[in-house]
């Protein structure tokens, strides 16, 4: 039995282990890259199953290569055999086959704290979930998540309700719960409001905040959903988890910086104040190790 903060192998006990099921963005502003950074920023360990490999940078999305469903299933099963998963964040799925694999996985393993970000299109309007996948998400995957986090465009597509104001956001959230979702938060990213609407199946909560420029950032939706997963894994109730996630994303967005010529990734580690190492700096290990001896002259 593990004691003194260590597990049975004698190592330190791990933090909560969170699973990201999403696409890979080579610039790591969105998808699993953003999720794993978010998990780490909240004291969790991130693992990932890749649904799709995108060909993109901060400026453009050039191609999407969806993972064969059998390979996604293999990724998920090998992780489930090995790790105790405290929460799951689901993002881009690509197609119906992958969505069905994720539903089967959730059914088989009864994992708690499932957050579904129903990613349908990219910023440039490229389809990231096919029509049959969207239908499957609505009829099957929706009800397997503890909360779904659509933006206004996604909420319109999934609910069939045109959204022009906060009242419409609430109506769409209620409709999605009628359709099987346990809880819904409609994000205000596509209308000129600073209000998100959470419907937990019983009560509606409007979450206000300062309006911030997110048009030129990347990964806000991924980061928001991943933060909710981390907060739920920590045992926080949904309203508190969502409120903390909104605050985190707003601050990380304010601190966003350019790594390329296009959209800005968020600063997921703004709390840690990580400073780049100076050029030519080498840290000496502090665990009884010493720099290697100079090779003897011959």
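The values are calculated or read from the model by the stated rules, or taken from the named source; none is laboratory data. Owing to the predicted nature of the structure, the values given are computational and were not obtained by experimental measurement. Neighbour counts run over all protein chains shown; Cβ positions are idealised from the backbone, glycine included.
Is at least one residue of the stretch 216-227 buried (at least 19 other Cβ atoms within 10 Å of the Cβ) and more than 13 Å from the chain's Cα centre (by Cα)?
Taking every residue of the stretch 216-227 in turn, at least one turns out to be buried (at least 19 other Cβ atoms within 10 Å of the Cβ) and more than 13 Å from the chain's Cα centre (by Cα).
Mind checking whether some residue in the stretch 119-129 is touching a strand residue (DSSP E or B) at 6+ places or on another chain (Cβ under 8 Å), within 23 Å of residue 234 (Cβ to Cβ) and either surrounded by fewer than 21 Cβ atoms within 10 Å (Cβ to Cβ) or touching a residue at least 40 places away in the same chain (Cβ under 8 Å) (or both)?
no
When you check residue 111 against the structure, is it within 26 Å of residue 176 (Cβ to Cβ) and surrounded by fewer than 19 Cβ atoms within 10 Å (Cβ to Cβ), yes or no?
Taking the combined requirement at face value, the residue satisfies it.
Among (1) touching a residue at least 24 places away in the same chain (Cβ under 8 Å); (2) in a helix (DSSP H, G or I); (3) more than 15 Å from the chain's Cα centre (by Cα), there is one condition residue 261 misses while meeting the rest; what is its number?
(2)
Rundown of residues vs (1) under 30 Å from residue 15 (Cα atoms); (2) within 22 Å of the chain's Cα centre (by Cα); (3) exposed (fewer than 13 other Cβ atoms within 10 Å of the Cβ); (4) modelled with pLDDT under 90, yes/no style:
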{"site": "213", "(1), (2), (3), (4)": "no, yes, yes, yes"}
{"site": "230", "(1), (2), (3), (4)": "yes, yes, no, no"}
{"site": "242", "(1), (2), (3), (4)": "yes, yes, no, no"}
{"site": "268", "(1), (2), (3), (4)": "yes, yes, no, no"}
{"site": "275", "(1), (2), (3), (4)": "yes, no, yes, yes"}
{"site": "292", "(1), (2), (3), (4)": "no, no, yes, yes"}
{"site": "298", "(1), (2), (3), (4)": "no, no, yes, yes"}
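Can we say residue 152 is within 29 Å of residue 209 (Cα to Cα), modelled with pLDDT under 95, surrounded by 18 or more Cβ atoms within 10 Å (Cβ to Cβ) and under 20 Å from the mean Cα position of the chain (by Cα)?
So residue 152 fits the description; yes.
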